[in-house]
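The structure appears right after this line, and notes come after that.
Throughout, read-outs are computed from the coordinates displayed, never taken from laboratory work. Bear in mind the structure is a predicted one, so any value in this text is a computation, not a measurement. Here the Cβ is made from the backbone with ideal geometry for all residues, glycine too, and neighbour counts use every protein chain on show.
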Amino acid sequence: MRGMRTWDIFCKVVDNYGDIGIAWRLARGLVSEHGLAVRLWVDDLHAFQRIWPAIAPNAVEQSCEGVTVCAWRTPFAAAAPAQVVIDAFGCTLPEAYLAAMSVQSPPPVWINLEYLSAEPWVAEHHGLPSPHPRLPLTRYFFFPGYTPETGGLLAEAGLAGRRAAFVQSGVAAFWRQLGLDAPQPDELRVSLFAYENPALPALLDAWAADPRRITCLVPEGRVIPQLAAWLSVADLRASEVHRRGALQLHILPFLDQDRYDHLLWACGLNFVRGEDSCVRAQWAARPLVWQAYPQADAAHWDKTNALLAHYTEGLDEAAARAVGGIWRVWNGMPDVEDMSACWAAWRAQQAVIEAHAGGWCERLGLAGRLTDKLVDFVENKLK
Ligand code: TRH
């Protein structure tokens, strides 16, 4: 019986919020939509607390949203393995736990949840088994992705409905809570979640010179020192507001995961980064600009181009070029026009891009929901 199944999810926080962001979204979904007993092992509860303030950073074990959250400490406390074991993004499981898995009968279904990519090879690798070199265990590679042949995308049931209700009746109150008035008719509100980026000053210059007003909302994070340098101020803190030409900059506190969704839903354009915020921005049905997690061998350019190709398929040519231009210049790719030309092109195509973003969720839905697909995959292995 599905409802009786036990799952352990292991998550190591690398250097950002994506790993825990995705693991937490998955854990919540498995509990609330599939009635599973989920333990989430996390090595950095402080990072977890940033995206979910109810988390107590020093608790060895706590229950949150129906998920049992356990501190993953070294040495690892003895724990009987669950029936299903997820290691998020290849985060090497504790040896003692692995040994216990290998003597459990039947052995747990062991899944390595991989990073999301729109690249075509993902479909070929999704679901492949890999026998453990020493132990009688098999690990399966589960690849999230944008097509039905992949593991699909994280999205909770009822997401579209919640977004529609918020857009209809929650936006004004949301802006008030953040200390902002409702936007003026000609005003564009942009959220900015980014890594340090050499293209940022030119983007801010373009916004400051825009013929219409732009309000940029920035949750506290890695991009703040660069913003401060552009403004020629020593530091920036939450709730500060600065104006330069047409641009008004608001620094926000880091929001919890659900309120961050509200920000994405309320803005007319969202700059996002990494993996989870990128998918949330797509589900937000608003235009987005994605900054891929930078990789040493520029592998992130392949990822960016693959998602761009998918995202702009069927989009009018000039609008597709405008989207491609700003995504590429924002990711530091060579042979792109400068930022001010890219921004002007985006502005010229804004209405078409907005319409495309509005209809995009339908296309996105074709990939299927990751939690459902993962549960089906596991149930097939448990048969
Ligand atoms: O934080 P990230 O840069 O995480 C990255 C990526 O996942 C990348 O693929 C991975 O390799 C690297 O970490 C190690 O970006 P991402 O994936 O968008 O995760 C951010 C999370 O933070 C997401 O769940 C949304 C959440 N968030 C909030 O909860 N509140 C906020 O105010 C903001 C800006 C984000």
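Need the C-alpha centroid separation for segment 58-80 versus segment 16-36, integer Å.
Answer, in whole Å: 15.
Order of Trp265, Trp360 from fewest to most other C-beta atoms within 10 Å?
Trp360, Trp265
How long is the chain along each principal axis, judged by its Cα atoms, biggest number first, in Å?
67, 43, 41
If I fit a long axis through the Cα atoms of helix 370-382 and take the longest principal axis of the Cα atoms of the chain, what angle between them do I get, 0 to 90°, rounded to 10?
10 degrees
Which angle from 0 to 90°, rounded to the nearest 10, does the C-alpha axis of helix 159-169 make with the longest principal axis of the chain?
30 degrees
Within 10 Å of each residue's Cβ, count the other Cβ atoms and sort Leu249, Leu178 from fewest upward.
Fewest-to-most Cβ neighbours within 10 Å comes out as Leu178, Leu249.
Under a cut-off of 25 Å between alpha-carbon atoms, report the lysines in cross-link reach of Lys381, not counting same-chain residues fewer than 8 places apart.
Within reach: Lys373.
So how many Å³ per residue does the convex hull of the Cα atoms of segment 158-366 work out to?
For segment 158-366, the hull spanned by Cα atoms encloses 120 Å³ per residue.
Mind checking the full-extension length gain between Ala309 and Val14? Use 0.36 nm per residue of separation minus the Cα-Cα distance, one decimal, nm. All intermediate terms of the calculation are to be shown ahead of the outcome.
Details: separation 295, 0.36 × 295 = 106.20 nm, distance 2.85 nm.
Stretched out fully, the Ala309 to Val14 stretch lengthens by 103.4 nm.
Can you tell me the dipole magnitude for segment 193-303 around its Cα centre, using point charges on the Cβ only (Lys, Arg +1; Asp, Glu -1), in Debye to the nearest 20?
Around 420 debye, computed over segment 193-303.
Quick one: dipole size for the chain, taken about the Cα centre, charges +1 on Lys/Arg Cβ and -1 on Asp/Glu Cβ, in debye to the nearest 20. Mind dumping the intermediate values first?
Working: 33 positive and 42 negative charges, 147 e Å.
Once rounded to the nearest 20, the dipole reads 700 debye.
Expressed in whole Å with the largest first, what are the equivalent ellipsoid semi-axes of segment 199-310 derived from the C-alpha gyration tensor as the square root of 5 times each eigenvalue? Intermediate results must be reported in sequence, preceding the final value.
Details: eigenvalues 113, 58, 45 Å².
Semi-axes from the Cα gyration tensor: 24, 17, 15 Å.
Relative contact order, percent, of the chain when contacts are C-alpha pairs under 8 Å separated by at least 6 residues?
RCO, the chain: 15 percent.
Using the crude model of +1 on Lys and Arg Cβ and -1 on Asp and Glu Cβ, and no other charge, please compute the dipole size for segment 225-270 relative to its Cα centre, in debye to 20.
260 debye
Viscosity 1.002 mPa s, temperature 20 °C: Stokes-Einstein D of segment 1-88 from its Kirkwood Cα radius, in µm² per second?
This corresponds to a translational diffusion coefficient of 165 µm²/s.
Provide, as a two-decimal number, the C-alpha radius of gyration of segment 99-166 over 2.2 N^0.38 Å, N being how many residues it has.
1.50
Can you list residues from other chains, or at least 5 along the same chain, whose modelled amide H is less than 5 Å from the amide H of Leu288?
Asn270
Which value at 222 nm does the chain reach when only helices count, each DSSP H run of 4 or more adding -39,500 (n - 2.57), with the total divided by all residues and rounded to the nearest 500 deg cm²/dmol?
Numbers: 15 runs with 157 residues, N = 383.
When only DSSP H runs of four or more count, the value is -12000 deg cm²/dmol.
Could you sort 182-188, 87-93 so that the peptide with the highest average Cβ count within 10 Å comes first and the rest follow in order?
By packing density, highest mean first, the sequence is 87-93, 182-188.
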